[in-house]
Amino acid sequence: MIDIHSHILYGLDDGAEDLEETLEMLRIAEEDGIKKMITTPHYIYGSTEYDEEDIENRLNTIQSLIEDEGMEIRLFSGNELYMDYYLSSSLRQGHCLTLADSNYVLVELPMDVVPSYTENVLYALFEQGYRVILAHPERYGTIQREPEILYRYIEMGCLVQVNALSVNGMTGTKMQELTKRFMEKNWVHFIGSDCHSKRVRAPRLSKAFELTEQWVGKKKAQEIFDENAEKILQNEELLPKYKAEPPARTKTFAFLPFLGGGKKHLDF
Ligand SMILES: [Fe+2]
């Protein structure tokens, strides 16, 4: 299994606090069967920015300690990029990292509001040759309320990563059900632990793999947990094999605007 979303690099963001916690998290990951892991500290324009050399040095230090301990896990560089108006120029200017030096970028949206410039930024990223992976959309209030927004991003060319904890139901049964629906509709391309510590948000994928296998079968589970992620590491284009199905039927109540109007989801 390959984890494409982790906050395992110590002392950079709200992830691992120190080198010891990084190593403990790696032991958990190794034990769980994770073979490769992309490290994705938060990049937030004007707030959390890093020196690329510093990240590289930390990665090298940790990788050699991994080998000293006889573990096999391999680490790769990256960032979780917070959506903002300047994202494409920040990338172009080298202020933040793609995943494993590939053309793939992991992009996070605000939790409850989709900024009005989001589509423009996504198109700017596509034009520059980046392949956009949306981080854990199942967690965003806007997308929980209106899953068709996510479908639109997928139709535009975005790929999707969901969190293992959402699959497992650790963040609630509603989010688990939504994640399952995303998988059944072929809206999910990658998994990530989004691990932040050795405790609750630890780097584990195996339980999520078992559930995914039950939901969509072994072949698709292997693609989501391994084969698709390998394409990032090889910087190969991922052409989704399965057509994303449109959102569930919606019913418009435009004639009843005083009752909320808009759309009601019948089975999402
Ligand atoms: Fe994250």
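The values are calculated or read from the model by the stated rules, or taken from the named source; none is laboratory data. Owing to the predicted nature of the structure, the values given are computational and were not obtained by experimental measurement. Reconstructed Cβ throughout: ideal geometry from the backbone, glycine too, with neighbour counts over all protein chains shown.
Among the residues of the stretch 199-214, is there at least one that is surrounded by 17 or more Cβ atoms within 10 Å (Cβ to Cβ) and modelled with pLDDT under 95?
yes
I44 fails exactly one of the following numbered conditions: (1) in contact with a Cys (Cβ under 9 Å, 6 or more places away or on another chain); (2) within 14 Å of the ligand (Cβ to nearest atom). What is the number of that condition?
Condition not satisfied by I44: (1).
Only one of these is part of a helix (DSSP H, G or I) and within 16 Å of the ligand (Cβ to nearest atom): A202, A221, A229. Name it.
So the residue among A202, A221, A229 that is part of a helix (DSSP H, G or I) and within 16 Å of the ligand (Cβ to nearest atom) is A229.
Does E138 qualify as being over 17 Å from Y45 (Cα atoms), modelled with pLDDT of 95 or more, crowded, with 23+ Cβ neighbours inside 10 Å and in contact with a helix residue (DSSP H, G or I) (Cβ under 9 Å, 6 or more places away or on another chain)?
Yes.
Condition (residue is farther than 27 Å from E138 by Cβ, within 16 Å of the ligand (Cβ to nearest atom) and either hydroxyl-bearing (S, T, Y) or crowded, with 16+ Cβ neighbours inside 10 Å (or both)) applied to the stretch 2-18: is it met by at least one residue?
yes
Evaluate the stretch 158-170: report whether one residue or more is part of a helix (DSSP H, G or I) and among the small types (G, A, S).
Yes - at least one qualifying residue is present in the stretch 158-170.
From the list E80, E56, which one is within 15 Å of L12 (Cα to Cα) and at pLDDT 95 or above?
The match here is E80.
Check I55 against each of (1) under 17 Å from the mean Cα position of the chain (by Cα); (2) closer than 22 Å to A202 by Cα; (3) within 16 Å of the ligand (Cβ to nearest atom) and name the one condition it does not meet.
Failed condition: (1).
Can you name the residue in the stretch 232-267 that is assigned to a helix (DSSP H, G or I) and more than 17 Å from the chain's Cα centre (by Cα) and, of all such residues, is modelled with the highest pLDDT?
Among residues in the stretch 232-267 that are assigned to a helix (DSSP H, G or I) and more than 17 Å from the chain's Cα centre (by Cα), the one modelled with the highest pLDDT is Q234.
One residue is enough: does the stretch 113-126 have a residue meeting the conditions within 16 Å of the ligand (Cβ to nearest atom), modelled with pLDDT of 95 or more and surrounded by 17 or more Cβ atoms within 10 Å (Cβ to Cβ)?
No: zero hits.
Tell me the residue from L99, L106, L134 that is touching a His at 6+ places or on another chain (Cβ under 7 Å) and either of a type in the set (F, W, Y) or within 16 Å of the ligand (Cβ to nearest atom) (or both), please.
Exactly one residue qualifies, and that residue is L106.
Looking for something touching an Asp or Glu at 6+ places or on another chain (Cβ under 8 Å), within 16 Å of the ligand (Cβ to nearest atom) and either without any contact (Cβ under 8 Å) to a residue 60 or more places away in the chain or farther than 22 Å from F190 by Cα (or both) - is there at least one such residue anywhere in the stretch 28-40?
Taking every residue of the stretch 28-40 in turn, none turns out to be touching an Asp or Glu at 6+ places or on another chain (Cβ under 8 Å), within 16 Å of the ligand (Cβ to nearest atom) and either without any contact (Cβ under 8 Å) to a residue 60 or more places away in the chain or farther than 22 Å from F190 by Cα (or both).
What single numbered condition from (1) under 18 Å from Y140 (Cβ atoms); (2) assigned to a helix (DSSP H, G or I); (3) more than 16 Å from the ligand (Cβ to nearest atom); (4) out of contact with any Gly (no Cβ under 9 Å at 6 or more places or on another chain) fails to hold for W187?
So the condition that W187 fails would be (2).
Report, by residue number, each residue of the stretch 106-139 that is assigned to a loop (DSSP other than H, G, I, E, B) and closer than 16 Å to C158 by Cα.
Those that are assigned to a loop (DSSP other than H, G, I, E, B) and closer than 16 Å to C158 by Cα: L109, V114, Y117, Q128, G129, Y130, H136.
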